[in-house]
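To keep things clear, I will list the structure first and then write my remarks on it.
The values are calculated or read from the model by the stated rules, or taken from the named source; none is laboratory data. Source: prediction; values computed, not measured. When we count neighbours, we look across all protein chains shown, and the Cβ atoms used for this are built from the backbone with ideal geometry, even at glycine.
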Amino acid sequence: MPSVLDRRPAQAAAAASRPAPSRRRTRILALPEARWALAALVLFLIALPLDVLGGPAWLRASLYAAVYLAGGWEPGREGLRAVRDRTLDVDLLMVVAALGAAAVGQVLDGALLIVIFATSGALEAVATARTADSVRGLLDLAPATATRILPDGGEEGVPAGSLTVGDTILVRPGERIGADGLVLDGSGDVDQATITGEPLPVAKQPGDEVFAGTVNGTGALHVRVGRDPADSVIARIVTMVEEASRTKAPTQLFIEKIEQRYSIGMVVATLTVFAVPLALGSAVQPALLRAMAFMIVASPCAVVLSTMPPLLSAIANAGRHGVLVKSAVVMERLGRIDAVALDKTGTLTEGTPRVTDVRPRSGSGLDADGLLALAAAAEHPSEHPLARAVVRAARDRGLVLAEASAFTSVPGQGITATVGGHTVRVGSPDRLASTGALAVSGARPGGPEAGSTATGSTETGDTETGSTETGDTETDDTVQALEGEGRTAVLVLRDGDPVGVLGIADRLRPDAKATVTALTGLAGRPAVLLTGDNGHAARRLAGLVGITDVRAGLLPQDKVAAVREWEARGRRVLVVGDGVNDAPALAAAHTGIAMGTVGSDLALETADAVVVRDELAAVPATVALSRRARRLVVQNLVIAGSFVLALTAWDLFGTLPLPLGVAGHEGSTVIVGLNGLRLLRERAWTGSSPAPHRAV
């Protein structure tokens, strides 16, 4: 696959002309493998009832011939390529076995074999194409153009890729930042969740670092470019995902691991079965019939069905419960994990800030609803995530909001509005104190506005700055109590006097602790927390769910480095995440699972499985289901292998009647197929309760 970096913003003609990632994804039927496989499947489904009901022989023969041609074209071509490379793979073997079955009258068997392998090849091609599309779509996060400030103070629009280190760019409110660099002038709240995973915009002041592809919320920023666009963090994420997709060792199903030896052995054995009787004086036709019977009874049809039905049944069962497992290979891989790494924001937490506490100040004349309504009325015009959380909480309670006027929002300070004839300010206690908004004395300067994260993250368990002093004992105690519980404290002032405090937090998922416990049991070692958020927030949340190994403040490359470090020790790591910043780790891990509702497009495409309903408890259930599927695969391989050995021995050392050989072969196929379908039952999911790790 050509490097996606060849399409970096420097070479984009215009930002507006680039389609969104969802519109650029490869259409499934645009892939030749998918078209041929679909044609073979449709033809087979038409031919099968005609065969059962005894339709016209010429029509059945024509349809089956079309199945062989449509489904065998791609596998046959790949098999011939392998022969040219002096290897023999199972694709060519399947085509030869199907033709051999047709030669002795078992046309249906051969057609079924063709359809199975054509479908498998099509699924692999689709998965590969989707991965390439998801990586290319990541570049849409970085703007194609930027506003460069000229030495004389003028402005010019330039391709973002043409920026050089030392250039100064202007980033207006709502624009994406065009390059990594440092803020020279201005202040604003920057949403950098794509890079760090932090749930809320971060207040940026002169001297702070910003990243390409992140979004400036409020306030204009002058940024000095610190890295070449091709070396930006977002470009490195692209590179890491590409490299992980290319270098990740291809995991194969059990039968594929032995396909080379099996293929060579079967071809040699079939030729031997044909040649030896001829050398001993046998006629050609009996020798050929014996050889074809051998090829049929020794063909890996039952072995293939030993592997696929349990895994496909497990995929279907997981899908019914809201987990999309993208292939049978992934379902097999899930059962082999022995280490787990989890993201924090959007994975262990819901990823959305919510009002958790409403604490009116005594003597303010307001109850909880009155305080919330006042704050929500003032915040209503704001687009800040914390403001939306306050307004949403008021609406959930059915409160009527008064009309606000004279609304102003100052980046890094807070909001001010007139509500019911009163001047209302909402922000962090530190900021309101530093701007002189408090009518009380003793306020301590420093800290962010209500929409910032410097006083405390909205993550459960985060306080970075210690106590806040407003000069009012009751308010100070309330603020300190909320921050001590890991809430973000938001102070509400009316005409300069504190009237109450709101507590806001990103709530822990209700099933987070149970999920961590279950995954620890399945992996056989404690789960690890990997997050771009600050260490204090990460450690407090980890304590709530029982995680002791915490890696915080990580950029995407740091997460990949941690995963590769563990895999270098021989561990098979499962990574669970949701954001763009998690995508490289999801790609590099043995298996990656993304949270579907809050997950970014790139994470959803890069991950091997997606929890569509955001039920975190479905992750350990799917891992346990995979282990049950792997056990059934082993059972089926034993059954199929026993039949193959018995029938081939009979054919080699006795005279195996062809009808009996076909019946035995088909009987083994039916048995292993039905055994695999057991995982479609509801009990297979409910019975997939976490158990201590053991090798499978």
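Return a yes/no flag: does segment 564-577 have any residue that is part of a helix (DSSP H, G or I) and crowded, with 24+ Cβ neighbours inside 10 Å.
Step one: of segment 564-577, the residues part of a helix (DSSP H, G or I) are 564-568.
In the following step, the residues that additionally are crowded, with 24+ Cβ neighbours inside 10 Å were identified as none.
No, the conditions are met nowhere in segment 564-577.
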Close pairs from segment 271-300: first within 12 Å of Asp651 (Cα to Cα), partner of a type in the set (S, T, N, Q) and in a helix (DSSP H, G or I), Cβ under 7 Å, at least 6 apart: Ala291/Thr270; Phe294/Thr270; Phe294/Thr648; Met295/Thr270; Val297/Thr648; Ala298/Thr648
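If we keep just the residues of segment 537-564 that are charged (D, E, K, R) and touching a Lys or Arg at 6+ places or on another chain (Cβ under 9 Å), which is farthest from Ala212 (Cα to Cα)?
Going residue by residue through segment 537-564, those that are charged (D, E, K, R) are 539-540, 549, 551, 558-559, 564.
Applying the additional criterion that residues be touching a Lys or Arg at 6+ places or on another chain (Cβ under 9 Å) yields 551, 558-559.
Working: Arg551: 24, Asp558: 18, Lys559: 19 Å.
If we take residues in segment 537-564 being charged (D, E, K, R) and touching a Lys or Arg at 6+ places or on another chain (Cβ under 9 Å), then Arg551 is farthest from Ala212 (Cα to Cα).
Taking segment 52-69, which residues are part of a helix (DSSP H, G or I) and either among the basic types (Lys, Arg) or surrounded by fewer than 17 Cβ atoms within 10 Å (Cβ to Cβ) (or both)? Reasoning before the result, please.
Here is the first cut: in segment 52-69, the residues part of a helix (DSSP H, G or I) are 52-53, 57-69.
Across segment 52-69, the qualifying residues are Val52, Leu53, Ala57, Trp58, Leu59, Arg60, Ala61, Ser62, Ala65, Leu69.
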Qualifying residues in segment 420-446 (those that are of a type in the set (S, T, N, Q) and part of a loop (DSSP other than H, G, I, E, B)) - the one modelled with the lowest pLDDT: Ser441
Test result for Asp533, under 25 Å from Ala318 (Cβ atoms), acidic (Asp, Glu) and in contact (Cβ under 8 Å) with a residue 60 or more places away in the chain: no
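Can you find even one residue in segment 610-627 that is of a type in the set (S, T, N, Q), in a helix (DSSP H, G or I) and modelled with pLDDT under 80? Walk me through it before giving the result.
Restricting attention to segment 610-627, the residues satisfying the condition of being of a type in the set (S, T, N, Q) are 622, 626.
Next cut, in a helix (DSSP H, G or I) only: 622, 626.
Now drop any that are not modelled with pLDDT under 80, which leaves none.
Looking for residues that are of a type in the set (S, T, N, Q), in a helix (DSSP H, G or I) and modelled with pLDDT under 80, one finds none in segment 610-627, hence no.
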Given (1) part of a helix (DSSP H, G or I); (2) surrounded by 18 or more Cβ atoms within 10 Å (Cβ to Cβ); (3) of a type in the set (D, E, K, R), number of the condition Arg631 does not satisfy: (2)
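Which of the following residues is surrounded by fewer than 21 Cβ atoms within 10 Å (Cβ to Cβ) and at pLDDT below 80: Asp208, Asp191?
Numbers: Asp208 fails: at pLDDT below 80.
Result of the check over Asp208, Asp191: Asp191.
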Elements of type strands (runs of 3 or more DSSP E) in segment 305-419, at least 2 residues being β-branched (Val, Ile, Thr): 323-325, 349-360, 404-410, 414-419
